[in-house]
Structures are given as structure tokens and as C-alpha cells.
Amino acid sequence: MGGLLNKIQATGDIKKMKEQELEPLCGEIRKFLLQNVCKTGGHLASNLGVVELTVALEYIFNLPEDKIVWDVGHQAYIHKILTGRQKEFSTLRQLDGLSGFPKPQESPADAFAAGHSSTSISAALGIAKARDLQGKKNNVLAVIGDGSMTGGLAYEALNNAGRDKTNFIVILNDNQMSIDHNVGAISKHLNSLRTSNHYRTLKESFKQFRDMVPVLGKATYLVLEKLRDSAKLLFLEGAVFEEFGFKYIGPVDGHNLQEMLEIFRNVKDSKEPILIHVKTIKGKGYLPAEKSPGPFHGVGAFDLKTGKGLGKSASPSWSGVFGKKMVALGKKNHNIVGITAAMCSGTGFEEFSEAFPERFFDVAIAEQHGTTFAAGLASQGMVPVFAVYSSFLQRAYDQIIHDVCMENLHVVFAVDRAGIVGADGETHQGVFDLSFLTHIPNMTVLSPKNAWELEEMLEYAVNVCPGPVAVRYPRGTAETAFGAHTAPIQYGKAEVIQKGKNVAILAEGHMLSVAKEACDALTAEGLLAPMLVNMRFISPLDEALLQELAAECPLIFTVEDNLRKGGFGSRVLEFYSDHGYGNTVINLAFPDKFIEQGTQAQLFDRYGLDADGIYRKMKEKIGESYGR
């Protein structure tokens, strides 16, 4: 790597460099990013867009004493490089490697952990308040953008911060993108802003008039107040933020390093809340990413010369199967509407949005609003299908309970990326949805074993099943196994894949495939041939089948892609306990912890949820129970 970047081995080393070295350093950083992320995958476009911004921040401010909170955190790669983690970058997002998000356990320079949107201003405000209470004088900054300003939490924090006049700095990284293109009024307002001093000049003039009130009199002052408010409507630059109580600076060119350095020097010792509006280009410096920032937001390994992905499966993904089926359903049922939270392409909704633009709604990064919006649609006879990643649906928990399930409204949640997602790690693993959905009254929860069953479950959820329905499916290539098993979907009914006695294994969704492999291995060894069941319905459970198993199978295993606590297996245990059965029930699931990053295969292997791990656990328990 270039000589300048090699000078940075620890936090603060950048401050030892000469200012004229910073521009070429930015070039070296972009080259380093591209050479590494093309091998590991990761969030590329967002990081290419904040190179100058990050270099300027860390040159002017003093880390780790000064605190920088990165919203979402997927644009913090440069921050990691500049704080002593350059040598570890080849392990980015790998098992036991460098996290793709800020992580205080990695470095004291990471002020706050992140992975989801719109949290930085709230966290930074809390850090700033703690600083004040402790009598400290350090700077606190929040870097927000990449679509995060479409999340309501950001405005709750702005309102609180401006009212209290807390001394901290918000940097709005306005790249006009989240993952897909930003939507909504706030996005349009930000895009309309241009560099101008008109409003600020006018504001200063009004201040001068205000100071003359004793001479001019109260009536004149009131007239001036009205004129000032009217002028804000004419000169909107920053007005929305100044109404929140922030001093607004910008917009400024986020790729003009000298301008950024000057601004940060000027605001460093400010005693009021400041918002700096920085305009950047997502994907800056790599033409394929500049042309298509959406696909390069989060990428797998790719060819650096062409920008094309490596090792992509030709088979359809679960999201792709969902998207195709929604178009087919939309053609037949004109009450179906699609909803996404800034994830149209990620959830497979693109084709539906193009086929039925009047029936498709992108609510931006606002899952809470999206859920209640869906409830409003359902209350008037529409059939909303909200496609949302499992880990992002967590933000709408209260709305699911209060606005959808309590009203028993027919809202369909297509819960994408359910279970282990892999390299994004703790913040994105979808291992909580079975736990937080299945205990809510009126909620039906289904989990498909393969692509065909996902299509059937979607049709059932949209056209047959009343009330709230969640269909959860994982990330990756859709399963095609069990093609001969096509029993129709019936409410609350499981599907017996193979019969057996003494031992049963109940599998949830795509876990049926590895459960079948484990069963086959046991049978091949001459051990008991277990009964294999595709549960289909996680809520309600097939209680009639569970009662049959109570008599036939003293030993019962459950397998799920979810945490053990509160999951599908826990519900089976509750059923047998409540009805006084003495069956031994073994729950095979992820332990009650935040699951780290790694490939899906690596994590299933590590926690004994691959075919071999399930086989070994079953063999051990069968041996204990039957002496085999």
C-alpha cells in the first residue's frame, strides 16, 4: 500500500501528517478500500462517499477523547482504517474478524455501536449530556445520512437537542441515497438546498433590527417578526433545522477537503448545537459504484475491473421467489398493495413496483410508520403486504401489537432475512422474530420449507388466512428439496415428511433440509428411523399432531433458525408441559446471545445446527434414552 497510509498505525497518527498530504491520502484510502472490499464484500458505495469527510473529521478532532457516533455504521470503514485497524482489514466481516460496523469492543475510538438506522443523534445527545454532567469539555459529533434522515427517531432527537441547546455537532451526509433512492418530503427538501448566504444574511439583518426595538417600538418589532417568519418560507435553506434550534451550516461540498477542514476548525469550539449539511456522492471514485450506488451499497466479492459479482448463484433467492409471486398475486387481486421501507430491490419488490406503481409504497426508513400505514390500508379492505427484513421489523414491535394485532387486521408481513444472515453480524441476524411474533394474539406465523411452499404460503396469507399473518424466510438461494411434498396449506396443520416411531424431529422452514440429512445418517447407521415433520405453522402449532407424537415418540427434537429462548421449540415444550405429557423435548436452536458475524454455513456449524451437528446431538440423546 502507499506510503502515506502506512504512516497511520494507531488512533491519532493522522494528526501527525502535513495538511498537504491529506489529499493524496484520500486517494490511497479509496484504492485500499476497493482492493479489500472486492475480496471480502461489504458496504462499498457509502464508504467511498465519505473519504474526505472522515479524513477531515479525524484530522481536526481528537479521538478517542472527542466522540464520533456513526449512524448505521456501514460508512465507518475509513474511520476504522484511520484508527489503527488497517492490518486487520482483510478479515472484514469474516468469522472472528473485523466487524463491518462500529464496535467499542474493537477500539476505544468507536464511541457507540451501530447497525440500524437513525440512532446517531439520540446517542450523541446522550453522550454530550453525560459529558456536561461530568464536567468534561470534549467534542461530540453525530454523522448521519445515507437515508437515515428519513427515520423518525432522528427528528425526535433533533427536537430534544435543539430545545436543550446542548453543545454538539450533527453532520448530515446528504448523498441522496439509502440503499434504494431516498423518498419523501425530507429527501426532496435536502435535495433542493444549494449553497447560498441569502437566508443567513437576511437573518443577521433581522437581528440588527431586533436590537433597535427600544427605539422603534413594540409594534414595529411585531411587524419585523412576521416578516422574518415569511422570509424563512422564501429562503428555506436550513430553516427546518434552525426551527429545531440548530445553527445550520451548508450545504458544503463533502469532497472539497480544504473546505471541510476549515469548517471543522471553525465549529470545534462552538457552544451551541450545530448541523453541518454536507453533500457527497455515493460511490465516489469508482465509476461502477457512482453509476449504480444501490447495487454497490452492500456487495459480495466482485471483480474490481468490471464491477461484476463473483460466485453468484443462478438459482432464485428467497426474495426473488417472493417478488415473482407478488406480481402474479397482484394481477389477480387488485386489493393487494406492496409496502417497503427503503428496501424495494433488497426485498424483491422491484417488479411489483413497476407493474403496479399506484399500489406500491416506499415509506423510507420508517418501519413503525410502514406498519401502522399498512393497518390503515387494511382497515379499509385493502390487503397490504409489507416486505421487511427481520432485524428491521424489530423497530415496529409496538405497532404490530397495538395497530395490527389488537385490531385483528389483515396485514401480511413478508419477513425477509429471517434467521442467520451472516457477515453483517449481531445487528442484522434475524434470530428474534419467532420469539417476538408468535406470542402476540391473533398473529399467524408460517415458515416455508422450499420455494414452492413460500409461493403457496403467500397465496394463502393474502387470499385465505384472515387477520395478521407473517411469512418468514431466510437470506440466500431458495430451497428446492422436497419437491414431491406438495400437500395443500391448511390452517394450523403440519406436514409429515417421513413416518417413524420412538423419535420425532420437528423442523421449522428451511431447517427441514438439514434435519432430513441428520435423519438419513441415523437410519444409515441402523439406529432409530425418526419421524420427520415440516411444521409449516409456528403459530398456531398443530396441537393434534403434537398429541399423536406424545403417544408414539417419547423423544422429540425441535430445530429452528432462531434463538432458543421464546422460539418455536419453547412453544412445543410449553404445550407438553401444559398438557402433562412426560415426553423429553430437546430444542436445537441458537444460544441466548447475540450471534456474531460469519458465513451462514460457518455459524450453523459453530452452533451445531448443520446436518452433522444435529445428527451428533440426536445420536447422543438416542443413546442416552435407548442405550444405542
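If amide hydrogens are placed 1.01 Å from N in the peptide plane, which non-local residues have theirs closer than 5 Å to the one on LEU275?
VAL170, LYS247, TYR248, ILE249
Rounded, prolate or oblate for region 1-66? Axes are the square roots of the Cα gyration tensor eigenvalues, ordered a ≥ b ≥ c, and the cut-off for rounded is a/c under 1.5.
Values: a/c = 1.84, a/b = 1.50, b/c = 1.23.
Note, shape of region 1-66 comes out prolate.
Residue farthest toward the positive end of the dipole of the chain, with Cβ of Lys/Arg at +1 and Asp/Glu at -1: which of ILE127, CYS405, GLY338?
Positive-end residue among those listed: ILE127.
To the nearest 20 debye, what is the magnitude of the charge dipole of region 495-626 about its Cα centre, counting +1 on the Cβ of each Lys and Arg and -1 on the Cβ of each Asp and Glu? If you can, show how the numbers build up before the last one.
Numbers: 13 positive and 20 negative charges, 32 e Å.
My answer is approximately 160 debye.
Mind computing the radius of gyration and Dmax over the alpha-carbon atoms of region 419-474? Å is fine for both.
12.7, 37
By how many degrees, between 0 and 90 and to the nearest 10, does the Cα long axis of helix 451-463 differ from the longest principal axis of the chain?
80 degrees
Just the number, please: Stokes-Einstein D of the chain in µm²/s, Kirkwood Rh from C-alpha pairs, 20 °C, 1.002 mPa s. Can you show the working numbers first?
On the way: Rh = 26.7 Å.
Reported coefficient: 80 µm²/s.
Can you tell which of GLY370, GLY467, THR523 lies farthest toward the positive end of the dipole of the chain, using +1 and -1 charges on the Cβ of basic and acidic side chains (Lys, Arg; Asp, Glu)?
The residue sitting farthest along the positive end of the dipole is GLY370.
With a sphere of radius 10 Å drawn around the Cβ of GLU453, what net charge do the other residues whose Cβ falls strictly inside it have (Lys, Arg +1; Asp, Glu -1)? The partial results should precede the final answer.
Working: positive: LYS449, ARG536; negative: GLU455, GLU456, GLU479, GLU495.
Net of charged neighbours comes to -2.
Arranged from highest to lowest average of other beta-carbon atoms within 10 Å per residue, in what order do the peptides 305-316, 356-367, 599-610, 125-136 appear? If you can, show how the numbers build up before the last one.
Numbers: 305-316: 11.0, 356-367: 19.7, 599-610: 17.8, 125-136: 14.7.
So the order, starting with the most tightly packed, is 356-367, 599-610, 125-136, 305-316.
As I understand it, the dipole of the chain uses +1 on the Cβ of Lys and Arg and -1 on the Cβ of Asp and Glu, about the Cα centre. Which of MET382, PHE482, GLY300 lies farthest toward its positive end?
Toward the positive end, the furthest listed residue is GLY300.
Cross-link partners among aspartates and glutamates for LYS619, C-alpha distance below 19 Å, same-chain residues fewer than 8 apart left out?
LYS619 reaches GLU517, ASP520, GLU525, GLU552, GLU560, ASP605, ASP610.
Relative to the first principal axis of the alpha-carbon coordinates of the chain, what is the inclination of helix 120-133, with its axis defined by its Cα atoms, in degrees from 0 to 90 and to the nearest 10?
With rounding to tens, the tilt is 60 degrees.
Once the Cα atoms of helix 218-234 and of the chain are each reduced to a long axis, what angle between those two axes, in degrees from 0 to 90 to the nearest 10, is obtained?
50 degrees
Set the bar at 27 Å for Cα to Cα. Now go through LYS7/LYS268; LYS87/LYS593; LYS308/LYS449; LYS31/LYS282 and name every pair that lies beyond it. All intermediate terms of the calculation are to be shown ahead of the outcome.
Working: LYS7/LYS268 25 Å; LYS87/LYS593 29 Å; LYS308/LYS449 31 Å; LYS31/LYS282 16 Å.
Where the Cα-Cα span goes over 27 Å, the pairs concerned are LYS87/LYS593; LYS308/LYS449.
Counting Lys and Arg as +1 and Asp and Glu as -1, each charge on the Cβ, what is the dipole of the chain about the Cα centre in debye, to the nearest 20?
1380 debye
If I take all pairs of Cα atoms in region 267-424, what percentage of them are more than 29 Å from each other? Provide the component values of the computation, followed by the final result.
Working: 4063 of 12403 pairs.
Summing the P(r) tail past 29 Å for region 267-424 gives 33 percent.
Which number do you get for Rg(Cα) / (2.2 N^0.38 Å) in region 1-119?
0.97
Taking the Cα centre of region 297-363 as origin, sum charge times position over the Cβ atoms of Lys and Arg (+1) and Asp and Glu (-1), and report the length of that vector in debye to the nearest 20.
Numbers: 8 positive and 6 negative charges, 53 e Å.
Once rounded to the nearest 20, the dipole reads 260 debye.
Let me have the 222 nm mean residue ellipticity of the chain computed from DSSP H runs of 4+ only, each contributing -39500 (n - 2.57), with the sum over all residues rounded to the nearest 500.
Details: 25 runs with 246 residues, N = 628.
Taken over the chain, the calculation gives -11500 deg cm²/dmol.
Is the shape of region 495-626 best called rounded, prolate or oblate, per the rule: a/c under 1.5 gives rounded, else a/b larger than b/c gives prolate, else oblate, with a ≥ b ≥ c the square roots of the Cα gyration tensor eigenvalues?
On the way: a/c = 1.66, a/b = 1.18, b/c = 1.41.
Cα axes put region 495-626 in the oblate bin.
Every read-out reported here was derived from the displayed coordinates using simple, explicitly stated rules and does not represent laboratory data. What you see is a predicted model, and the numbers here were worked out from it, not measured in a lab. Neighbour counts run over all protein chains shown; Cβ positions are idealised from the backbone, glycine included.
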